[in-house]
Amino acid sequence: MRLNSPQINLLTRACMKASKSLIRDFGEIENLQVSSKAPGDFVSSADKRTEKIIVEELLKAHPEYGIITEESGIINKSNVNNRWIIDPIDGTMNFLNGIPQFAISIGYEENNEIKCGIIFNPVMNEMFLAEKGNGAYLNNSRIRVSNKKKIKDALIVTGGPKQVSKIKEKIFREYINVSNQVSNVRKFGSAALDIAYVACGRFDGYWQRELNYWDIAAGLIILKEAGGFVDFFEEERNYPLKKNILASNSHIHDELKELIIKKDIE
Ligand code: 2AM
Ligand code: CA
């Protein structure tokens, strides 16, 4: 690993510490599936446990930094210049169902720009890391987005819509639009890992609506440092933490964007 700034070391430490209890909890899921206990409650406590360990570790190092998290909301609200953005379990549904496609995701934001991030899938033992200007890594190897040039050959990943989504038809029209032009579309259920997989070239592109900032904060820097392009579309000024995202290699970015934007106009 060639990234070893204090911030990166702190992220790695917090992540490794939290993942120990997360792995234990994931092991418990199998027992819960066959018992009468509600796995949903268990997941939310696993979420909280993981988040607590991460928050404690980060606050120990920087008591004054702001923190945005899925479970506890905002800590040190007045510090908007230095903030950690935490998703303790991204891919909660997968976790709940015993599917090992979930990750801890933590981004560090300075003056409104993500400076470094970590996405860790503790079951696969895959750690994606990046720091502005210093590249993106999967475990010890430098990663880059794919070199796929033609959208018709592209493998694209997406997510949603949620059960409660009010724009399901729009999302499905968009899906058809993209599906008609690309080689294939996948849906894996963890936004953080979806972006990380674009960053290391497993997928050529990713788009999803109705996300929260913590789902993708770490992914942004990992993708950018891997040479990928990111766009947010149809942002709502009143909901700055809500995101619609499009991320891909540089070759297919404009074409993929056109497929989604085109659909919006129809
Ligand atoms: P989560 O697992 O942390 O909830 C699934 O398509 C992806 O969308 C996951 O990364 C999931 O994050 C994210 N997502 C964000 N908000 C969601 C919601 N309300 N319901 C389902 N998935 C959501
Ligand atoms: Ca999430």
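Overview of results
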item	result
Search result, residues across region 155-176 that are more than 8 Å from ligand 1 (Cβ to nearest atom), open to solvent by 70 Å² or more (accessible area, probe 1.4 Å), outside any helix (DSSP H, G or I) and touching a residue at least 12 places away in the same chain (Cβ under 8 Å)	none
For Met93: the one exception among (1) within 13 Å of ligand 2 (Cβ to nearest atom); (2) closer than 22 Å to Ile221 by Cα	(2)
Qualifying residue in region 225-245 (condition: within 13 Å of ligand 2 (Cβ to nearest atom), modelled with pLDDT of 95 or more and over 25 Å from Ser141 (Cα atoms))	yes
Qualifying positions in region 82-99 - over 16 Å from Ala61 (Cα atoms) and over 15 Å from the mean Cα position of the chain (by Cα)	Leu96, Asn97, Gly98, Ile99
Subset tally (residues that are in contact (Cβ under 8 Å) with a residue 60 or more places away in the chain and buried (at least 24 other Cβ atoms within 10 Å of the Cβ)) for region 217-251	12
Looking only at region 190-207, and only at residues there that are touching a helix residue (DSSP H, G or I) at 6+ places or on another chain (Cβ under 7 Å) and under 20 Å from Thr69 (Cβ atoms), the one that is surrounded by the most Cβ atoms within 10 Å (Cβ to Cβ)	Ala196
Tally of residues being within 16 Å of ligand 2 (Cβ to nearest atom) and either part of a strand (DSSP E or B) or not polar (S, T, N, Q) (or both) across region 101-112	6
Exclusive hit being outside the structural domain of Met93 (by TED's automatic domain parsing) and polar (S, T, N, Q), set Asn177, Asn112	Asn177
Extreme residue, farthest from Ile119 (Cα to Cα), among residues of region 184-212 that are hydroxyl-bearing (Ser, Thr, Tyr) and touching a strand residue (DSSP E or B) at 6+ places or on another chain (Cβ under 6 Å)	Tyr206
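The values are calculated or read from the model by the stated rules, or taken from the named source; none is laboratory data. What you are looking at is a predicted structure, and each value in this text was computed from that prediction instead of being measured. Virtual Cβ from ideal backbone geometry, glycine too; neighbours counted across all protein chains shown. Accessible surface is based on the protein model in full, side chains and every heavy atom, while ligands, DNA and RNA are left aside. Shrake-Rupley method; radii C 1.70, N 1.55, O 1.52, S 1.80 Å.
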